[in-house]
1. Filter segment 56-72 for residues that are farther than 19 Å from D86 by Cα and either surrounded by 14 or more Cβ atoms within 10 Å (Cβ to Cβ) or among the aliphatic types (A, V, I, L, M) (or both); which is modelled with the lowest pLDDT?
2. Does any residue in segment 21-33 that is within 26 Å of L6 (Cα to Cα) come within less than 6 Å, Cβ to Cβ, of a residue that is part of a strand (DSSP E or B) and among the acidic types (D, E) six or more places away or on a different chain, and which pairs are these?
3. For segment 45-70, name all the residues that are over 18 Å from the mean Cα position of the chain (by Cα) and part of a loop (DSSP other than H, G, I, E, B).
4. Check whether at least one residue in segment 73-88 is surrounded by fewer than 14 Cβ atoms within 10 Å (Cβ to Cβ), of a type in the set (S, T, N, Q), at pLDDT 90 or above and not in a loop (DSSP other than H, G, I, E, B), and report yes or no.
5. Identify the residue in segment 17-44 that is aromatic (F, W, Y) and under 22 Å from the mean Cα position of the chain (by Cα) and, among all such residues, is surrounded by the fewest Cβ atoms within 10 Å (Cβ to Cβ).
6. How about segment 1-16: which of its residues are acidic (D, E) and within 15 Å of the chain's Cα centre (by Cα)?
Amino acid sequence: MMDPLLGRRIEVLWKVVDDDSQQTVTKWWGALIINRNFTQTDNFGRPVYILKYDAWPEMGFGEDMSQVSFVSQNVLLDLGTATELDWRVPHVMPMAPAAPMGAAPMAAPAQPMQHAPPPPQQ
């Protein structure tokens, strides 16, 4: 049976201290659930998954891997830091279907549409 979490994109809420400004930066950091460790569980018996975090070049981070377990529908446990973090499925805006290549843009009809008269009343 396929694990429904595998291949899913998520975002994890991280608070990171900027080395230059010493300010705390809060970010929903994108990650991909790339694998499940079938031979390992956390201390509570929950499955362990491997996340591949997106690069965050502005803060000096390349792509990175992390082992996590999912505590609830909105909290995960990062096993490397022993930190519970909020997580979510990213909201994706639906895109309007594209017009076929070479299709003319839709235009308003040149003349108003004619409607049939109502049927006579009896």
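The values are calculated or read from the model by the stated rules, or taken from the named source; none is laboratory data. Fair warning: this is a prediction, and the values are worked out from it, not measured in the lab. Reconstructed Cβ throughout: ideal geometry from the backbone, glycine too, with neighbour counts over all protein chains shown.
1. M59
2. These pairs meet every condition: W28/E11; G30/E11.
3. Scanning segment 45-70 gives G45, R46, G60, G62.
4. yes
5. Result: W28.
6. E11
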